[in-house]
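Here is the structure we will look at, set down as structure tokens.
The values are calculated or read from the model by the stated rules, or taken from the named source; none is laboratory data. Computed from a prediction, not measured in an experiment: that's the story for all the values here. Every residue, glycine among them, receives a Cβ derived from its backbone with ideal geometry; neighbour counts consider all protein chains shown. These area figures cover heavy atoms from the full protein model, side chains too; ligands, DNA and RNA do not enter into them. Shrake-Rupley method; radii C 1.70, N 1.55, O 1.52, S 1.80 Å.
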Amino acid sequence: MDSVDNGPATTKGQTWLIHTIDQLRLCSEKTVRYFWLVLCVILTAVAVVNYGKAEQIQADLTKRRLLEVSLQDLIIQSTALQHLDKEHAYETKLGLEARGYSSPQELFNQLAARLAVIETINTEIELTESAANLREHLVSMDQQLGKFGKPNPRNIELWFIELGIFNNTLKKAAEVADEKFKELQRNNLILTLIVLVHSISFVSLTLWRQSALRKRFANELTHLSNQARCDALTGLLNRRGWQDMSGAYLRKMQKENQLQGSMAIIDIDYFKQYNDTYGHEAGDNRLREFAETLRSNFRPGDLIARIGGEEFAVLLPNCTADDAQRIVDRIRHKGTCKVGFSAGICDIAHSDSIDRTMARADQALYQAKNKGRNCSCLGKVSS
């Protein structure tokens, strides 16, 4: 059995879908609003046309009902014509009087008046021809009544035949009018569905665009916030980022009841002299290299920041000050570290704030500097 490969068609359909989505993303809010405005104008024009058609159909329906009522009256009155075909005059007179007519002439006058009403109401071409034939038969019967005292039975028969034709034509016209009315109802339903679908589409597109804009603004805000928290030279946290993140780390440690944690304040020795001797560019390179050394030697979960010109801070969760000192000394004694530095290290007291912890680490850093630099000292935990 041959297999059917739909790969190219699927790929082409996916490409078209992606292209359509990209175009939607590219279109501005102003373009969407103009598109919606044009669509509303078109739908309004269609609604006005449909309203005009509805008014015309309603007017035609009113005329048709009047025409049907008049035709029924004409048919009822025409049944009295059967009495004109009697052999004896008294039979004709009794039959007409039973119908409410004093004479045949009065009957013809009533038929002529009712037919005139029908001709006035009627606007259909097919019915106009039939009404003209009825008028012709009525005139012929009236003339025969004047000459012979009664109409020819053949003319009466033709009258009833034409009356039946008129009635059938009216029914067909009514069916056509009803079909037009149903078509108008379908058009109105379709128009309503189109308005509903496009309204939902417009609202959905607007919400989607707003969601995309909110997401983009949130990403930009996060990016700007990260930029505000990061040191542009080293890529580490700056002092502001350190204050925010270290405070959050400390609160997390207190919430999770972590009893172990330490902090190190590290200062590059004689950096100002190095900067003055070799220039700021060389000094910046030293800072970037030292930042990379710290980043590669501390754990991924440790918080590292540049909090001053040549001063760095490290927060080590689940790590005692003794372990932190061993890590710092290992970095200091490694051949990859091209600068000497002093470090003050202390344990994080469970009840201390981040500022008090930093103050104790700073005191330990001063002790290391007083000992001749390029060493580390431990600070005491406040009681």
Inset, instruction - Check whether at least one residue in segment 133-141 is more than 57 Å from the chain's Cα centre (by Cα), under 19 Å from Gln72 (Cα atoms) and of a type in the set (Val, Ile, Thr), and report yes or no. - result: no
Inset, instruction - Would you confirm whether any residue within segment 147-159 is modelled with pLDDT of 85 or more, over 57 Å from the mean Cα position of the chain (by Cα) and more than 21 Å from Ser103 (Cα to Cα)? - result: yes
Legend entry - Any chance Asn167 is open to solvent by 70 Å² or more (accessible area, probe 1.4 Å) and at pLDDT 85 or above: no
Inset, instruction - Return a yes/no flag: does segment 182-189 have any residue that is surrounded by 12 or more Cβ atoms within 10 Å (Cβ to Cβ) and not in a helix (DSSP H, G or I). - result: no
Inset, instruction - Return the pairs, sorted by first residue and then second, in which the second residue is open to solvent by 60 Å² or more (accessible area, probe 1.4 Å) and among the acidic types (Asp, Glu), the first residue lies in segment 152-168 and is in contact (Cβ under 8 Å) with a residue 40 or more places away in the chain, the beta carbons are less than 8 Å apart, and the residues are 6+ apart or on different chains. - result: Pro153/Asp85; Ile156/Asp85
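Matching residues to (1) among the hydrophobic types (A, V, I, L, M, F, W, C); (2) touching a strand residue (DSSP E or B) at 6+ places or on another chain (Cβ under 8 Å); (3) open to solvent by 90 Å² or more (accessible area, probe 1.4 Å):
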site	(1), (2), (3)
Arg214	no, no, yes
Leu233	yes, yes, no
Ser262	no, yes, no
Ile268	yes, yes, no
Tyr278	no, no, yes
Ala282	yes, no, no
Arg288	no, no, yes
Ala291	yes, yes, no
Inset, instruction - Considering each residue of segment 124-148, count those that are of a type outside the set (Ser, Thr, Tyr) and within 13 Å of Phe108 (Cβ to Cβ), and give that number. - result: 11
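When segment 235-260 is examined, which residues are found to be closer than 16 Å to Leu315 by Cα, open to solvent by 20 Å² or more (accessible area, probe 1.4 Å) and among the small types (Gly, Ala, Ser)?
Result: Ala248, single match.
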Legend entry - Options Glu157, Glu126: the member that is open to solvent by 70 Å² or more (accessible area, probe 1.4 Å), under 25 Å from Glu55 (Cβ atoms) and charged (D, E, K, R): Glu126
Inset, instruction - For Ala174, indicate whether it is part of a helix (DSSP H, G or I), modelled with pLDDT of 85 or more and under 17 Å from Leu71 (Cα atoms). - result: no
Inset, instruction - All but one of (1) buried (at least 21 other Cβ atoms within 10 Å of the Cβ); (2) more than 60 Å from the chain's Cα centre (by Cα); (3) in a loop (DSSP other than H, G, I, E, B) hold for Ala368, so report the exception by its number. - result: (3)
Inset, instruction - Name the residue, out of Asn275, Asn188, that is over 30 Å from Ala54 (Cβ atoms) and either under 42 Å from the mean Cα position of the chain (by Cα) or free of Cβ contacts under 8 Å to residues at least 12 places away in the same chain (or both). - result: Asn275
Inset, instruction - Would you please name the residue that is farthest from the chain's Cα centre (by Cα), looking only at residues in segment 337-365 that are among the polar types (S, T, N, Q) and surrounded by fewer than 14 Cβ atoms within 10 Å (Cβ to Cβ)? - result: Ser351
Inset, instruction - Output the residues belonging to segment 329-365 that are among the polar types (S, T, N, Q) and assigned to a helix (DSSP H, G or I). - result: Thr357, Gln363
